[in-house]
1. Taking the Cβ of VAL63 as the center, what net charge do the other residues with Cβ under 11 Å away carry, scoring Lys and Arg +1 and Asp and Glu -1?
2. Can you put ASP160, ASP217, ASP227, ASP12 in order, fewest other beta carbons within 10 Å first?
3. With θ taken as phi - 60° and the coefficients 6.51, -1.76 and 1.60, list the Karplus ³J(HN,Hα) couplings across segment 394-401 in order, rounded to whole Hz; mark glycine and proline as x.
4. Taking neighbour counts of Cβ atoms within 10 Å as a proxy for exposure, in what order, fewest first, do ILE157, ILE149 appear?
5. Structure shown: which of LYS38/LYS218; LYS159/LYS272; LYS159/LYS268; LYS110/LYS268; LYS72/LYS218 lie over 27 Å apart, alpha-carbon to alpha-carbon?
6. If you stretched the chain out fully between LYS30 and ASP80, how much longer would it get, using 0.36 nm times the residue separation minus the C-alpha to C-alpha distance?
7. Fewest first, what order do LEU257, LEU356, LEU82, LEU383 take by the number of other Cβ atoms within 10 Å?
8. Under 5 Å between amide hydrogens, which residues at least 5 positions from PHE44 or on another chain qualify, with H placed 1.01 Å from N in the peptide plane?
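Throughout, read-outs are computed from the coordinates displayed, never taken from laboratory work. Since this is a predicted model, take the numbers as computed values, not measurements. Neighbour counts are summed over all protein chains in view; Cβ atoms, including those assigned to glycine, are modelled from backbone coordinates with ideal geometry.
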Amino acid sequence: MLLYGWYINEFDPYIRLFMTEQMLKYGTIKGLLWWLHKGYGALFTHFWYPWGVNWTIILSPGVSWLGVLTYKVLSHFGFDLLQSVILLPAIANAAVVPAMFYLGYRLGGKYVGLLAALWSVFSTMLLERGTAGWFAAEPIFQFIATLGIAFYIESLIRKDNYWILFAVLSAIFNGITTWVWGSYVFLWNFYGLFTIIILLYLLIRIARRQSLPFTIDKLVITYVLTDLGFSAFVAITPRYGFHTLISGMGGVANAALLFSIIAYALIKLYPKYPRIMVPVVRYFLIAIVVLVVAVIGLSFTSIGGKFLGALSPLARNAIVQSVAEHSPSPLQQSMYNVSITVPFVIYTILLSIMSLSLPAILISLGSLAAAYFASSEVWLFMLLGLFWVPATAYGFVKLTELA
């Protein structure tokens, strides 16, 4: 900006700016409602002339709406709309630092929080698109998603009755990610994967007639609320709609929700009817193996494009392959992003298995899952930082405690 003045980077941010201008014509709230009502049939012939396009059913409203909110605030300090949206990604990226402190603090204490915040300042995974002018999804998503993960963990670890408040906040903030970036499907399905793994562990202990090491009320209720948060925002967004809840990755996520509810009921009934529940749980586990195979097979028939390419690189079609950011990550770039942090994350994973700490398991599992997808498609390194940075901080601090 010092050399060339105020300008926006690349093509997508200009579309976001255009849609911000359209929302401003209606106002902050009415502009959002205008978008959620498919722009009242708006057709913008500025693009793909003469046929035009309705961006409200192609894009999600979050980035442009936050641009409106930012302008409403910064206009009081003399900034115009262009300057406001140029500054928004840099502001959001800077806000990741205190959000990462909060996440690290709830994960492992103040030192983990401080180190996670410090690491987020230098992490290329968080800085790559968090610069002024990149008025697009990624930096805003990283801030909101970090808070969503932190609220999720807060709900799991709180001992008082306020845990339900943080479960609701988790539902809201994680749900808002659906309005920002399409990679919300990773978070949506990841929370289901995390819950399923914990519940499967407990069901296996029941099948082996072993005692249960912890209660699961908060775990399941937090997950159910968070899943409902995702589902609610997906259902009211024109780009997705109700059909997304039963198809593709949305269908997989809600299949995980159904499994979790059934597993929760079985686990809660076990102390009352131990003799009956043990064989029931064993048959249920067999049925789950069959259903998982079926769901995986069906999901591959209903998922396409870059999401299928991320799940299975061998299934990536030519159109997806032609986009550079969808290409597999070379080892050199992977090591550039994670650098010397790998041993600390490995130690975090080992600690989570030994301690059965739900927050540590969540961060460890998130690091592993995001690392797989980041290696599959290079653009998903921006997801990896959400889990890898706090996992690194946690492992580093725990190692220093051994000294």
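1. Values: positive: ARG16; negative: ASP12, GLU138.
Surrounding charge for VAL63 is -1.
2. Numbers: ASP160 7, ASP217 10, ASP227 23, ASP12 15.
If I rank by nearby Cβ atoms, fewest first, I get ASP160, ASP217, ASP12, ASP227.
3. Those phi angles translate into 4, x, 5, 5, 5, 5, 5, 5 Hz.
4. Neighbour counts put them in this order, fewest first: ILE157, ILE149.
5. Details: LYS38/LYS218 37 Å; LYS159/LYS272 25 Å; LYS159/LYS268 20 Å; LYS110/LYS268 35 Å; LYS72/LYS218 38 Å.
Flagged as over cut-off: LYS38/LYS218; LYS110/LYS268; LYS72/LYS218.
6. On the way: separation 50, 0.36 × 50 = 18.00 nm, distance 2.06 nm.
Residue separation times 0.36 nm, minus the Cα-Cα distance, leaves 15.9 nm.
7. Working: LEU257 22, LEU356 12, LEU82 16, LEU383 27.
Final ranking by Cβ density, sparse to dense: LEU356, LEU82, LEU257, LEU383.
8. Amide H neighbours of PHE44: VAL53, ASN54, TRP55.
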